[in-house]
1. Step by step: first the residues of the stretch 45-89, then only those that are in a strand (DSSP E or B) and among the hydroxyl-bearing types (Ser, Thr, Tyr), then the one that is surrounded by the fewest Cβ atoms within 10 Å (Cβ to Cβ). Which residue is that?
2. Could you list, in sequence order, all residues of the stretch 15-46 that are hydrophobic (A, V, I, L, M, F, W, C) and closer than 16 Å to Phe104 by Cβ?
3. Can Leu45 be described as over 29 Å from Val10 (Cα atoms) and hydrophobic (A, V, I, L, M, F, W, C)?
4. Does Gly15 satisfy the criteria of being in contact with a Gly (Cβ under 9 Å, 6 or more places away or on another chain), modelled with pLDDT of 95 or more, surrounded by 17 or more Cβ atoms within 10 Å (Cβ to Cβ) and within 16 Å of Phe101 (Cβ to Cβ)?
5. Those residues that are acidic (Asp, Glu) and in a helix (DSSP H, G or I), I need them from the stretch 18-44; list them, please.
6. Can you name every residue in the stretch 18-44 that is of a type in the set (Phe, Trp, Tyr) and surrounded by 15 or more Cβ atoms within 10 Å (Cβ to Cβ)?
Amino acid sequence: MENTETAAQVALLDGNITDAQLKRWKYQYKRVVKLSVEDDDGTTLFAYFRKPTIDIRSAVLQASKMDEFKALEVLFKNCYLGGDTDIEDDDDLRLNITTSFSDFIQPKPVKIEVL
């Protein structure tokens, strides 16, 4: 007997993604970041991002010299993996979640010691 799963049998995780999708992202990008935000109705929505590469960081930096909102769009388009579609469709939600992601990926403090 063949073991097949129908769409109805596949359990969805936060953000309406499957466990298999999350595993693929983790395999491909090594580290996946899950963020949540509440919409105007109080519903919690979820988005998944990958950490930016040096090339993506460079593109974000270049865009930020002209327009900080454009820089956030560059970050979103290049690092957003998936999640609740309302985040993609609503400018305010997309801006809020991308700003939080941007804050998260900022360089960490480094301790310098001259010997």
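1. Filtering the stretch 45-89 for residues in a strand (DSSP E or B) gives 45-50, 80-83.
If we keep only those that are among the hydroxyl-bearing types (Ser, Thr, Tyr) too, we end up with 48, 80.
Working: Tyr48: 22, Tyr80: 19.
Out of the qualifying residues, it is Tyr80.
2. At the first step, the residues of the stretch 15-46 found to be hydrophobic (A, V, I, L, M, F, W, C) are 17, 20, 22, 25, 32-33, 35, 37, 45-46.
Listed by number, the residues that qualify are Val32, Val33, Leu35, Val37, Phe46.
3. Numbers: over 29 Å from Val10 (Cα atoms): no; hydrophobic (A, V, I, L, M, F, W, C): yes.
The answer is no for Leu45.
4. Values: in contact with a Gly (Cβ under 9 Å, 6 or more places away or on another chain): yes; modelled with pLDDT of 95 or more: no; surrounded by 17 or more Cβ atoms within 10 Å (Cβ to Cβ): yes; within 16 Å of Phe101 (Cβ to Cβ): yes.
No, not satisfied.
5. So the first thing to find is which residues in the stretch 18-44 are acidic (Asp, Glu), and the list is 19, 38-41.
The one that is acidic (Asp, Glu) and in a helix (DSSP H, G or I): Asp19.
6. Of the stretch 18-44, the ones of a type in the set (Phe, Trp, Tyr) are 25, 27, 29.
Trp25, Tyr29, listed by residue number.
The values are calculated or read from the model by the stated rules, or taken from the named source; none is laboratory data. Worth saying up front: this structure is predicted, and the values here are computed from it rather than measured. Every residue, glycine as well, gets a Cβ built from its backbone with ideal geometry; the counts of neighbours run over all protein chains shown.
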